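Q: Got a structure for you, written out below as structure tokens; questions coming shortly.
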Amino acid sequence: MTFVLAIVSAFFAAILTFFTGFGLGTVLLAVFVLIFPISVAIAATAVVHLSNNVFKLFLVGRHARKDILIRFGIAALCAALAGAFLLNIIDSQQLIFNYEIGGRTLKTTPVRIVIGILMALFALMDLFGISEKWVIEPEWMPIGGLLSGFFGGLSGNQGAFRTMFLLKAGLTKEELIGTGAAIGCLVDIGRLTVYWKQISGPELSGHIALLSAATLSAISGTLIGNKLLKKMSLKKIEIAASVLLLAIAAGLATGLI
């Protein structure tokens, strides 16, 4: 049942992620934690995430803005290494909060609560037009890269912070998607070099079929997203991103995902 859930989740999350720049990793992580310990689940998610980002880069990478890639991407790569090292140092399971609602035990961590609150604040500002006239100046791009990369390495939640900054960078929808995919690849490569112990361990090596199926499913969703690109306006992408931010923020903070 979990195998099917991973495939279906990867497919639909990849379609939405193609436009918003985030969501696939969070949804897959929620499924993979049902199978693996948290650190291994994060590594497994990163494998699928990188594969999908590489394919997305093949489709739309030519639209990536090199100036933003340099300012944002290098900082994100360095911070991803730091976040991934921190994940290896701390035992995330010791930080879990457990509580029950309606007989169901929910689990979350301080890191996820902080991420959820920040994501919700940004999403609400976008939905209510508070950030309508914001433009992220070039000198602030490395800050966005540090946030995105660090949380990407620590918990896998990199795309939300990246999209928050890129949406205000004056990009076209093609540049937004292409630049996001390129930065995502840098972060994934960085954190996977640190996750090597989890990737090569016995918990993951016995689930190659699951990872392969989830990867192919995500790539299929990305292909469909690319077909729908011309029908999507940048405003629709912003609204979709804000709504998804709120949903994921609530899920992360409360332990639902």
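Each value in this text was obtained by applying a stated rule to the coordinates, not by laboratory testing. Predicted model only: the values in this text are computed from it and were never measured. Backbone-built Cβ (ideal geometry, glycine too); neighbour counts: all protein chains shown.
Q: Consider a paramagnetic label point 7 Å from the Cα of T172 along Cα→Cβ; state which residues of region 203-239 have an amide N under 18 Å from it.
A: 226-238
Q: Starting from 0.36 nm per residue, how many nanometres of slack lie between I239 and L124 once their C-alpha separation is accounted for?
A: The span from I239 to L124 would gain 40.3 nm if fully extended.
Q: Using a 7 Å offset from the Cα along the Cα-to-Cβ direction at both T193 and N88, what is the distance between the two label points in nm, to one decimal?
A: 1.1
Q: Among F72, F151, which comes first, then next, by fewest other beta-carbon atoms within 10 Å?
A: Values: F72 31, F151 26.
The most exposed by this proxy come first: F151, F72.
Q: Given a Förster distance of 30 Å, report the FRET efficiency between M232 and L5 from their Cβ-Cβ distance, rounded to the nearest 0.05.
A: Numbers: r = 27 Å, r/R0 = 0.90.
Efficiency, rounded to the nearest 0.05: 0.65.
Q: In addition: For the pair W140 and K107, how long in nm is the line joining their label points, each one 7 Å along Cα→Cβ?
A: 3.7
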